[in-house]
Amino acid sequence: MAKYAAKRNRDRCPTHPGELLRDDILPALKMSKTDIADALGISRQHLYDILNEKKPISPEIAARLGRAFGDGAGIWLRMQAAYDAWHAEREVDVSKVTRLRAA
């Protein structure tokens with residue numbers, strides 16, 4: 001079986017996990033956001049903040065999503081980490097950080 005490396009434009013921001021939930025997963029469930037929040041054991045406001053990309057997916061929320069959707073916490077944490085790293089690389093001033101090298 002052939003393997004293909006995924007290629008992504010480095011200038012394109014990775015998808016926030018909340019966007020994936022909002023645009024793809026939750027509509028397919030055909031449940032109210034209140035019912036989904038209840039099923040996840042979180043407040044409705046917390047779910048709305050994730051869906052509106054105002055809050056990140058924490059390890060606790062990733063565990064809940066992983067259990068609910070059967071895909072494990074790791075995928076949710078990796079998506080959030082990719083999103084966070086992309087923003088950090090563009091927003092954090094590292095101009096005064098010295099590159100360290102082994103002797």
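The values are calculated or read from the model by the stated rules, or taken from the named source; none is laboratory data. None of the values given here were measured: they were computed from a predicted structure. Positions of Cβ are generated from backbone atoms using ideal geometry, with glycine treated the same way; all protein chains shown enter the neighbour counts. Accessible surface areas use protein heavy atoms only, side chains included; no ligands, DNA or RNA. Shrake-Rupley method; radii C 1.70, N 1.55, O 1.52, S 1.80 Å.
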Point to revise | Failed condition for Glu60, given (1) under 18 Å from Pro14 (Cβ atoms); (2) of a type in the set (Asp, Glu); (3) in a helix (DSSP H, G or I) | key: (1)
**Study point:** Residues of the range 56-84 classified as in contact (Cβ under 8 Å) with a residue 24 or more places away in the chain and more than 8 Å from the chain's Cα centre (by Cα), total
**Key:** 5
Review point. Out of the residues in the range 3-41 that are touching a residue at least 24 places away in the same chain (Cβ under 8 Å) and more than 15 Å from Phe69 (Cβ to Cβ), which is most open to solvent (accessible area, probe 1.4 Å)?
Key: Glu19
